[in-house]
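The values are calculated or read from the model by the stated rules, or taken from the named source; none is laboratory data. Since this is a predicted model, take the numbers as computed values, not measurements. Neighbour counts run over all protein chains shown; Cβ positions are idealised from the backbone, glycine included. Just so you know, the surface numbers come from the protein's heavy atoms only, side chains and all, with ligands and any DNA or RNA stripped out. Shrake-Rupley method; radii C 1.70, N 1.55, O 1.52, S 1.80 Å.
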Amino acid sequence: MRLRNIPRARETIQAHPAVVKNPELQKGCWAQVFGNGRPVRIEIGMGKGRFIMNMAKAHPEYNFIGIERYSSVLLRAVEKYDTEEFRELTNVRFICMDAMEISDVFAPGEVERIYLNFSDPWPKARHARRRLTSKEFLARYERVLKEDGLLEFKTDNTGLFEFSLEQIEEAGWTLLAHTYDLHHNEELNQGNIMTEYEEKFSAKGNPINKLIAAYTVMEERR
């Protein structure tokens, strides 16, 4: 997908207090960034930020970090943050970075939960390693998640969802729950916070898939 370049995006992001500049310098020190020792949860590919800001609003007992690769998209998130609805939030920060660099930014065990919402499906087989639920990315998450840390993934792309289920198993993670129709699953839909994409897709009658998986440190990895 080609994104429209917004000339003021980088300048605005660099000046915004909720955006962490040079995040690699905060590795192992995110408790200091937030000024508390609450568990850290991150969303990779947060888009315009509605999900993570609503999560931060609903769960002040956690710290949230939204990761977005594209400055033009992150700009929309910080603009949303500056609205009356979200600007008082103190438990959310933003980073502009590529998810492949995640272990350069977070120390082992520093992340309690990872959210992936409507990630790019990279439909061509030769691009499978770029999918955020591939074994290659799961290995990256293992480097930053605490033991028994969770991954939550939502998508309307059933092919990507089935690929993700296979990758979870092959990577040795534990699949805790999954559904092919989130909004009709009373247990998994409880407390569900929707993204912009989720509202759009579900309004068209598309079922939403969701899985929750846990990373467990096996004895041979200790």
| said: With the requirement that a residue be over 12 Å from the mean Cα position of the chain (by Cα), open to solvent by less than 10 Å² (accessible area, probe 1.4 Å) and modelled with pLDDT of 95 or more, what does region 58-76 give you? | reply: 63
| task | Only residues that are open to solvent by less than 10 Å² (accessible area, probe 1.4 Å) and not in a loop (DSSP other than H, G, I, E, B): list them for region 85-114, please. | result | 92, 94, 95, 102, 105, 111, 114
| Does region 155-175 contain any residue that is touching a helix residue (DSSP H, G or I) at 6+ places or on another chain (Cβ under 6 Å), at pLDDT 95 or above and crowded, with 21+ Cβ neighbours inside 10 Å? | yes
| said: Going through 52, 13 one at a time, which residue ends up being β-branched (Val, Ile, Thr), at pLDDT 95 or above and assigned to a helix (DSSP H, G or I)? | reply: 52
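Might you let me know whether region 31-47 holds any residue that is touching a Leu at 6+ places or on another chain (Cβ under 7 Å), in a helix (DSSP H, G or I), touching a residue at least 24 places away in the same chain (Cβ under 8 Å) and surrounded by 17 or more Cβ atoms within 10 Å (Cβ to Cβ)? Break it down into steps so the answer makes sense when it comes.
Narrowing region 31-47 to residues touching a Leu at 6+ places or on another chain (Cβ under 7 Å): 44-45.
From the residues that got through so far, the ones that are in a helix (DSSP H, G or I) too are none.
The answer is no; no qualifying residue exists.
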